[in-house]
Amino acid sequence: MAEPRTIRSKDNPLLVRVRKLVADPGAYRKLGEVWLEGDHLCSAFVQRGGRALQAVVSSEGWSRPALRQLAAHAAAVAVVPAELMAGLSTLESPPAIGFVVATPTAPAITPDAATVVLDRLQDAGNVGAILRSASAFGFAQIVTLKGTAALWSPKVLRAGMGAHFALRLVEGADAEALAALRVPLLGTSSHAGQALHEIDLPWPCAWVLGHEGQGVSAALAQRCAMALRIPQPGGEESLNVAAAAAVCLYESARQRAA
């Protein structure tokens with residue numbers, strides 16, 4: 001493991017850079033680095049074979065053998081006082097460790113992968129939750145269209161709970177790029193005649209999920225091979241997009257298993 005260095009100044013260039021990554025959801029694109037906050041995210045990154053550029057550990061955290069062992073997966077280690085660690089987080093209880101990692105290179109779309117397409121989703125919590133559902137139900141690829149919340153922002157990362165590292169993430173695509181997909185696109189509509197469970201869903205496929213208020217754009221909806229209804233016997237159209245995504249992805253996984 002790299003010999004740790006102690007940082008006591010809030011003006012240290014490393015801490016200034018991390019604060020920029022925390023404050024600006026899109027800063028990772030400019031700085032070429034991503035901030036992973038907390039031992040859960042850092043461990044998920046390591047479990048997928050990742051090696052961090054930098055570990056930042058609080059003084060209290062450095063006394064814990066498990067966090068020292070986790071920090072060993074970084075090329076450099078910095079130990080900081082608790083008050084400086086608090087400045088690197090927006091959480092009420094800041095975690096004791098974080099990683100700075102290189103911003104992943106955006107891959108090309110894999111044509112035959114089971115995919116989730118996100119069309120201008122704004123809420124970071126929704127985006128992260130959808131990534132978790134995709135990973136859980138066997139969807140290997142996420143394609144986000146321009147206008148969707150930044151995938152590697154701190155809020156999306158926290159909501160994703162490590163799912164990022166199990167998925168192929170294609171960010172900032174335009175609708176024309178979806179022509180590269182060779183799997184049928186599926187959408188949802190409360191007005192659709194057929195319910196989700198009433199037909200044999202194709203596998204692999206690409207589920208298309210749209211803006212929280214406006215839904216999927218009309219042009220993208222026209223690309224979908226079918227639009228399906230999620231039955232809501234309670235009588236209210238009360239599912240938000242993350243919940244709807246979980247239902248759709250689960251049904252695809254259920255039918256595949258059956």
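The values are calculated or read from the model by the stated rules, or taken from the named source; none is laboratory data. Just so we're clear, the structure is a prediction, and the values are computed from it rather than from any experiment. Backbone-built Cβ (ideal geometry, glycine too); neighbour counts: all protein chains shown. With ligands, DNA and RNA removed, areas are computed over all heavy atoms of the protein, side chains included. Shrake-Rupley method; radii C 1.70, N 1.55, O 1.52, S 1.80 Å.
Key figures for this structure:
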read-out: Residue in the stretch 19-28 that is within 25 Å of ALA149 (Cα to Cα) and among the β-branched types (Val, Ile, Thr) present; value: yes
read-out: Failed item, numbered, when LYS155 is tested on (1) in the same structural domain as ALA173 (by the TED database); (2) touching a helix residue (DSSP H, G or I) at 6+ places or on another chain (Cβ under 9 Å); (3) touching a residue at least 40 places away in the same chain (Cβ under 8 Å); (4) open to solvent by less than 60 Å² (accessible area, probe 1.4 Å); value: (4)
read-out: Residue within the stretch 233-240 that is at pLDDT 95 or above, open to solvent by 30 Å² or more (accessible area, probe 1.4 Å) and within 20 Å of the chain's Cα centre (by Cα) present; value: no
read-out: From ALA166, ALA180, residue being touching a residue at least 12 places away in the same chain (Cβ under 8 Å) and touching a helix residue (DSSP H, G or I) at 6+ places or on another chain (Cβ under 8 Å); value: ALA166
read-out: Every pair of residues 6+ apart whose Cβ atoms lie under 6 Å, when the first sits in the stretch 71-87 and is under 11 Å from LEU15 (Cα atoms) and outside any strand (DSSP E or B) while the second is open to solvent by 20 Å² or more (accessible area, probe 1.4 Å) and at pLDDT 95 or above; value: LEU84/LYS10
read-out: Search result, residues across the stretch 1-54 that are exposed (fewer than 14 other Cβ atoms within 10 Å of the Cβ) and part of a strand (DSSP E or B); value: ARG5, THR6
read-out: Options ALA149, ALA246, ALA225, ALA218: the member that is within 30 Å of GLY32 (Cβ to Cβ) and assigned by the TED database to the domain that holds PHE137; value: ALA149
read-out: Some residue of the stretch 107-125 being at pLDDT 95 or above, open to solvent by less than 20 Å² (accessible area, probe 1.4 Å), among the acidic types (Asp, Glu) and touching a strand residue (DSSP E or B) at 6+ places or on another chain (Cβ under 6 Å); value: yes
read-out: Of all residues in the stretch 181-211 being farther than 28 Å from ALA149 by Cα and open to solvent by 40 Å² or more (accessible area, probe 1.4 Å), the one that is modelled with the highest pLDDT; value: ASP200
read-out: Residue in the stretch 60-72 that is touching a Lys or Arg at 6+ places or on another chain (Cβ under 6 Å), among the small types (Gly, Ala, Ser) and open to solvent by less than 60 Å² (accessible area, probe 1.4 Å) present; value: no
read-out: Yes/no for PRO104 being more than 30 Å from GLU212 (Cα to Cα), assigned to a loop (DSSP other than H, G, I, E, B) and in contact with a strand residue (DSSP E or B) (Cβ under 8 Å, 6 or more places away or on another chain); value: no
read-out: Restricting the stretch 134-146 to residues that are open to solvent by 20 Å² or more (accessible area, probe 1.4 Å) and not in a loop (DSSP other than H, G, I, E, B), the residue that is farthest from GLY32 (Cα to Cα); value: ALA136
read-out: Members of the stretch 55-70 that are touching a residue at least 12 places away in the same chain (Cβ under 8 Å), of a type in the set (S, T, N, Q) and assigned to a helix (DSSP H, G or I); value: SER59
read-out: Verdict on ARG48 being basic (Lys, Arg) and closer than 18 Å to TRP152 by Cβ; value: yes
